[in-house]
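Taking it in order: structure first as structure tokens, then the write-up.
The values are calculated or read from the model by the stated rules, or taken from the named source; none is laboratory data. The structure displayed is predicted, hence computed values, not measured ones. Here the Cβ positions follow ideal geometry from the backbone for every residue, glycine too, while neighbour counts run over all protein chains shown.
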Amino acid sequence: MDQKKKYSTNRYSENHYNNEQPLKKLGRSSKNEAGVKTRKVKRHPVVNFFLFLTLVSSLAYFGITLWTGEDNTNFFGTLISSVIFVVFSILFIAICVSNPNRKKGSIVLGSFFLLLFNIYGSLTSLGIVQVPALGQVENFTGKSLTDVVSWASSNDITLNQDYEYSDMVPEYSIISQDIVEGTKIKDIDEITVAVSEGPNPDKEIIVPDMTSWDSERVINYVEDNYLNNVEVSFEESDQAEDTVIEQSESGSMRRSDKLELTFSLGEEANNSDVKIRDLTDMSEFAATFYLKQHRIHYEIERDFSKNINRGHVSEQSVKAGEMVKVNTDDEKVIITISRGRSITIPNLKKMSMVEITEWVIENKLKVEFTNRYDDSVKENRVIEANYDTGEKVEQGTTIEVVISKGSLVMRNFDSLEEFRKWADKYNISYEEKHEFSDDVPEGEIISFSYKKGDTIKNGDSIVVTISDGKECEVPDLIGMSRKEAIDALEEAELNYNFVTQNSNKSKNTVIKQSISAGSNVSKGTTITVTLSNGKSVEAREENSSGNSSSTSNSSSNSSSSSNSNGSSGNGNSNNSSKPTPDPEPVCNSCSIRSGELKNVILNNTGSFDGAANAVRNFITGKCPGVTVNISGDSSSGFTAGSYVSGFEGGSFSSCDTISITLAK
């Protein structure tokens, strides 16, 4: 028994040792007082450091979002996103800390990506990093014109540029745009941006009273506020030398308004010769101020300069340091004011829109791009410009460039107005024809001479056939009564109006109609119907007077001494009746669409007489009886026969006078 017991005890001790010893050695687990094994968590400093950075960066991102909220167009959306992300980061950190089976590598990697996201979000919120809006219109405000041109070109968007003055936005930077940021690119065809061309020379400002200001302060104020019409003079005075003693105007005025300032020369002007200073690169105002200040007579010339900015002195006839006589015409100083660099127009046809824009900005020019279809010039390449290669221009000149949209391919149009707008925008020649149609409502398109997808060659014209509606034949109304005429016109689905005219026909009998019987017109056309008003008043008076005279003669001779009007006479007053007045004119309603008239003018442009005759024949053919006055304007600068002003189309009547001015 003792041996068995001893053996069992030893065996238990051996097993107990074998089960527990490795665990203690590895330090992975231990037993608590209840005998339950617990796992010891060994903390790693690198893991804790990344978790700490993740928490701090999440809170920082949230704080920056709140701070920059006023500048964010989508503040609430960004705020909600940052709150959700902070909550997610906190949950991630809590799970990593509380999970005993965490893997160090996974935690560090997850924390690293969260940290990067927080940093990126913070930088974008602060505006340090710009996020490109893929598929959306960007906010170009403050950006260079080159950026917008590049974006428009790459997205096949037509760019329109309006130049505006701005004191705040640098020259050639964007002031505003007509398409809201975030608009989908697929929803737009063009964008218009306002480009800064620097300070407005006519802007109204408040000019202070500069009396007693010294010359340096005045010069700085004039140049800082872009005053461009300041004249200075000097005279002897007991006031301090080189200070303002008189000012012509102060308060509200334009920068271009004349401002006269008188400065003091002191009690006695110095007549000694002056050692002239270097005037090179001084502004014109500062240089002329210095010469007047020292009573040096001068002349101004202007020329191009490679190195001196426009409006600054590029040369002086007397070198700096030489002596100059004062207050005499015997010795004048000639100063040359720079017109800027002489800019030679490169071969623009070999340049892209972006390259042209960069060249324009570099040379302080202006550029206006327009688009035109051309099957001989590749898309986005230059068709023509308003200056030829090799021509010389100066700074500030506007370069007009026409960019090709490639071959003109026919497309679908929902309305005639949409087609006209498209054709007029790209100077596409088109001709309008009219046909009756039982199926297509009046004014809508029946067909085009080209099908969708067809290529239209340069110089070709698109013929659009327009419906005049259902064809109706005008009935013969002459001799009908008013009621019969109404029934006939309503049966023919025509509109009508009535006028009256004196006639020997029975009252309310049709004696005229504005459109002759048998004519083919559109359904709903208005016919003016003239009804008889019975016999003329003169005829009735004549008959009445004749009957009275006859009765009087048969009954009494004395009656022959008076006429029907009660005036004395010889009894033959009934033979001197008044002449019958001309009948009242009938004014027919007419209408001409603006596109029709414009097309007639376009097809005859090149000759004033040819265009005038074509227009006159077209209008009178549409509305017989109308008066057409066409005058010529030789000062418009347009091609002979082109439209200048006057009637463009619309409703009128045959009693009106139509006036049109064409280029001569």
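The residue of the stretch 223-272 that is surrounded by the most Cβ atoms within 10 Å (Cβ to Cβ), among those that are at pLDDT below 90 and within 24 Å of Gln316 (Cα to Cα), is Asn270. Checked against the criterion of being modelled with pLDDT under 90, in a loop (DSSP other than H, G, I, E, B) and of a type in the set (Ser, Thr, Tyr), the stretch 429-437 has at least one qualifying residue.
Tell me, please, whether a residue that is in contact with a helix residue (DSSP H, G or I) (Cβ under 6 Å, 6 or more places away or on another chain) and modelled with pLDDT under 75 can be found in the stretch 594-603. Within the stretch 594-603 (the criterion being in contact with a helix residue (DSSP H, G or I) (Cβ under 6 Å, 6 or more places away or on another chain) and modelled with pLDDT under 75), the answer is yes, since at least one residue qualifies. Could you list all residues from the stretch 440-466 that are more than 13 Å from Ser429 (Cα to Cα) and out of contact with any strand residue (DSSP E or B) (no Cβ under 9 Å at 6 or more places or on another chain)? Across the stretch 440-466, the qualifying residue is only Lys451.
Could you please let me know if Gly135 is closer than 25 Å to Ser352 by Cα and exposed (fewer than 12 other Cβ atoms within 10 Å of the Cβ)? When the stated conditions are applied, Gly135 passes them. Which residue, of Ser642, Ser659, Ser635, is of a type in the set (Ser, Thr, Tyr) and under 30 Å from Ser514 (Cα atoms)? Checking each option against the conditions leaves just Ser659.
Mind checking whether some residue in the stretch 489-497 is within 30 Å of Asp374 (Cβ to Cβ) and within 54 Å of the chain's Cα centre (by Cα)? No - not one qualifying residue is present in the stretch 489-497. Residues of the stretch 339-353 include at least one that is touching a Leu at 6+ places or on another chain (Cβ under 8 Å) and in a strand (DSSP E or B).
Checked across the stretch 308-321, the condition of being of a type in the set (S, T, N, Q), outside any loop (DSSP other than H, G, I, E, B) and within 12 Å of Ile276 (Cβ to Cβ) holds for at least one residue. Only one of the listed residues (Glu331, Glu260) is in contact (Cβ under 8 Å) with a residue 12 or more places away in the chain, among the charged types (D, E, K, R) and either within 30 Å of Pro208 (Cα to Cα) or touching a helix residue (DSSP H, G or I) at 6+ places or on another chain (Cβ under 9 Å) (or both). That residue is Glu260. Inspection of the stretch 448-463 finds no residue satisfying the criterion of being in contact with a Gly (Cβ under 7 Å, 6 or more places away or on another chain), under 30 Å from Gly518 (Cα atoms) and surrounded by 13 or more Cβ atoms within 10 Å (Cβ to Cβ). The one condition from (1) assigned to a strand (DSSP E or B); (2) at pLDDT 95 or above that Met210 does not meet is (1). Residues that are β-branched (Val, Ile, Thr) and more than 25 Å from the chain's Cα centre (by Cα) within the stretch 630-661 comprise Ile630, Thr639, Thr657, Ile658, Ile660, Thr661, listed in sequence order. Considering the stretch 625-652, the residues that are loosely packed, with under 15 Cβ neighbours inside 10 Å and touching a Cys at 6+ places or on another chain (Cβ under 9 Å) include one that is farthest from Asn497 (Cα to Cα), namely Thr627. The residues of the stretch 464-493 that are assigned to a loop (DSSP other than H, G, I, E, B) and either at pLDDT 90 or above or exposed (fewer than 15 other Cβ atoms within 10 Å of the Cβ) (or both), listed by number, are Val474, Pro475, Asp476, Leu477, Ile478, Gly479, Met480, Glu493.
Only residues that are within 22 Å of the chain's Cα centre (by Cα) and either in a loop (DSSP other than H, G, I, E, B) or surrounded by fewer than 20 Cβ atoms within 10 Å (Cβ to Cβ) (or both) were counted in the stretch 356-370, giving 5. Given the condition over 22 Å from Ser591 (Cβ atoms), part of a strand (DSSP E or B) and in contact (Cβ under 8 Å) with a residue 24 or more places away in the chain, answer yes or no: does some residue in the stretch 609-625 qualify? No; the residues of the stretch 609-625 include none that is over 22 Å from Ser591 (Cβ atoms), part of a strand (DSSP E or B) and in contact (Cβ under 8 Å) with a residue 24 or more places away in the chain.
Regarding Glu181, is this residue surrounded by fewer than 15 Cβ atoms within 10 Å (Cβ to Cβ), assigned by TED's automatic domain parsing to the domain that holds Gly266, of a type outside the set (A, V, I, L, M, F, W, C) and more than 16 Å from the chain's Cα centre (by Cα)? No. The set of residues from the stretch 322-338 being part of a loop (DSSP other than H, G, I, E, B) and not aliphatic (A, V, I, L, M) comprises Glu322, Lys325, Asn327, Thr328, Asp329, Asp330, Glu331, Lys332.
To keep it simple, each residue is scored yes or no on (1) surrounded by fewer than 14 Cβ atoms within 10 Å (Cβ to Cβ); (2) modelled with pLDDT of 75 or more; (3) more than 26 Å from Gly182 (Cβ to Cβ).
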{"position": "Ser29", "(1), (2), (3)": "yes, no, yes"}
{"position": "Asn32", "(1), (2), (3)": "yes, no, yes"}
{"position": "Val41", "(1), (2), (3)": "yes, no, yes"}
{"position": "Phe52", "(1), (2), (3)": "yes, yes, yes"}
{"position": "Ser57", "(1), (2), (3)": "no, yes, yes"}
{"position": "Leu79", "(1), (2), (3)": "no, no, no"}
{"position": "Phe92", "(1), (2), (3)": "no, yes, yes"}
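Selection over the stretch 421-446 of residues that are surrounded by 15 or more Cβ atoms within 10 Å (Cβ to Cβ) and more than 32 Å from the chain's Cα centre (by Cα) gives a count of 6. Assessment of the stretch 332-355 against the conditions (under 30 Å from Phe263 (Cβ atoms) and surrounded by fewer than 15 Cβ atoms within 10 Å (Cβ to Cβ)) yields at least one matching residue. What strands (runs of 3 or more DSSP E) lie completely within the stretch 226-305 and have 1 or more residues being within 18 Å of Thr328 (Cα to Cα)? Correct list: 230-235, 298-303. Of all residues in the stretch 414-435, those that are at negative phi have Cβ atoms under 8 Å from Cβ atoms of residues that are among the aromatic types (Phe, Trp, Tyr) and assigned to a helix (DSSP H, G or I), 6 or more apart or on another chain, in Ile428/Trp422; Tyr430/Phe419. Within the stretch 251-276, the set of residues being of a type outside the set (A, V, I, L, M), in contact with a Phe, Trp or Tyr (Cβ under 7 Å, 6 or more places away or on another chain) and farther than 22 Å from Asn200 by Cβ comprises just one member, Phe263.
Being on the phi > 0 side of the Ramachandran plot and in contact with a Ser or Thr (Cβ under 9 Å, 6 or more places away or on another chain) is a description that applies to Asp281. Taking the stretch 184-240 as the range and being over 27 Å from Leu365 (Cβ atoms), in contact with a helix residue (DSSP H, G or I) (Cβ under 9 Å, 6 or more places away or on another chain) and of a type outside the set (S, T, N, Q) as the test, the residues that pass are Val207, Pro208, Met210, Trp213, Val218, Ile219, Val230, Val232, Phe234.
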